[in-house]
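Following: one structure in structure tokens, then a few remarks.
The values are calculated or read from the model by the stated rules, or taken from the named source; none is laboratory data. Owing to the predicted nature of the structure, the values given are computational and were not obtained by experimental measurement. Here the Cβ positions follow ideal geometry from the backbone for every residue, glycine too, while neighbour counts run over all protein chains shown. Quick note on the areas: whole protein, heavy atoms, side chains included, nothing else; ligands and nucleic acids left out. Shrake-Rupley method; radii C 1.70, N 1.55, O 1.52, S 1.80 Å.
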Amino acid sequence: MSNSKRGAFIVIEGLDRSGKSTQASLLHERLQDSQDGTIPKVVLLKFPDRTTAIGKMIDAYLRSESELDDRAIHLLFSANRWELASMITAHLAEGTTVLADRYAFSGIAFSARKGLPYEWCRAPEVGLPAPDITLFLNISPKVAAARGGYGLERYEKEEVQKGVRQVFDKIGQAMREEGKGKWVEIDAGKSKEEVAEELWRAVQPLVSVVDGPISKLWETTLGGGS
Ligand code: DGP
């Protein structure tokens, strides 16, 4: 018998080259393996989802094939999450665990770094399904850059990542103060195996006991809970 009423919503966040995508795949596999051979009840999402019409616009922007106003691209990234929001909620409601590689926190961090007001950046994210836990892969921009492999995309530069990291720190602090939805920092400078183990330790207790309604991001702070 399972006492799970709904799926858990797990988000992995971090700077570029922090190992997010690798760790998301490893965690996805491990969650699937823990389903006792029954139909896998875990889905892995990646934001931005570049396959949708909005995602294709984001992809062109990231590859510098198009130019967009900072606010316009911010809203597109957010819209890309909103277009999948009902799907996330439906999965969770039917008991499927949802694992997301990046989410609203990246949205705030990458845009606020450009000088857009923090609250303005947060506003379009208010009301999205809220993660039960956010795993922030913590790495210094210097170590991330030293790993090599920055590609040619728009934000893949050390000075950009430094600014993004500062905003992430602010978000993490606010999340801890609010005490809603866990924000867990993981030392991403460790080996791949050690990081995977830490992630597993953080999510394992959660996935079997998720209970209660799916909450919404910051719904009480901006009155966005309609
Ligand atoms: P990824 O596919 O995870 O490598 O992400 C592509 C790039 O886009 C990466 O540099 C981080 C950035 N990014 C991810 N999500 C958002 C977002 O919501 N807003 C902005 N401005 N940038 C984002």
(request) Working only within segment 183-212, note down all residues that are loosely packed, with under 15 Cβ neighbours inside 10 Å and outside any helix (DSSP H, G or I). (result) 187, 190, 191, 208, 209, 211, 212
(message) Anything in segment 120-146 that is at pLDDT below 95 and in a helix (DSSP H, G or I)? List them, or say none.
(response) 141, 142, 143, 144, 145, 146
(request) Report, ordered by the first and then the second residue, all pairs with beta carbons closer than 6 Å, sequence separation of six or more or different chains, a first member in segment 92-120 that is among the acidic types (Asp, Glu), and a second member that is open to solvent by less than 10 Å² (accessible area, probe 1.4 Å). (result) 101/12; 101/24
(message) Could you check segment 129-155 and list, in sequence order, the residues that are closer than 18 Å to residue 111 by Cα and touching a Leu at 6+ places or on another chain (Cβ under 7 Å)?
(response) 141, 153, 154
(message) Return the pair list, or none, for Cβ contacts closer than 8 Å from residues in segment 43-64 that are free of Cβ contacts under 8 Å to residues at least 40 places away in the same chain and within 11 Å of the ligand (Cβ to nearest atom) to residues that are among the polar types (S, T, N, Q) and open to solvent by less than 70 Å² (accessible area, probe 1.4 Å), at least 6 apart or on different chains.
(response) 49/80; 55/80; 58/80
(request) Among residues belonging to segment 163-182 that are crowded, with 16+ Cβ neighbours inside 10 Å and at pLDDT 95 or above, point out the one that is farthest from residue 63 (Cα to Cα). (result) 172
(request) Pull up segment 84-118, narrow it to residues that are open to solvent by 50 Å² or more (accessible area, probe 1.4 Å) and either part of a helix (DSSP H, G or I) or among the hydrophobic types (A, V, I, L, M, F, W, C) (or both), then point me to the one that is farthest from residue 29 (Cα to Cα). (result) 86
(message) Of the conditions (1) under 28 Å from residue 64 (Cβ atoms); (2) away from the ligand (no atom under 12 Å from the Cβ); (3) within 18 Å of the chain's Cα centre (by Cα), residue 182 satisfies every one except a single condition; which number is it?
(response) (1)
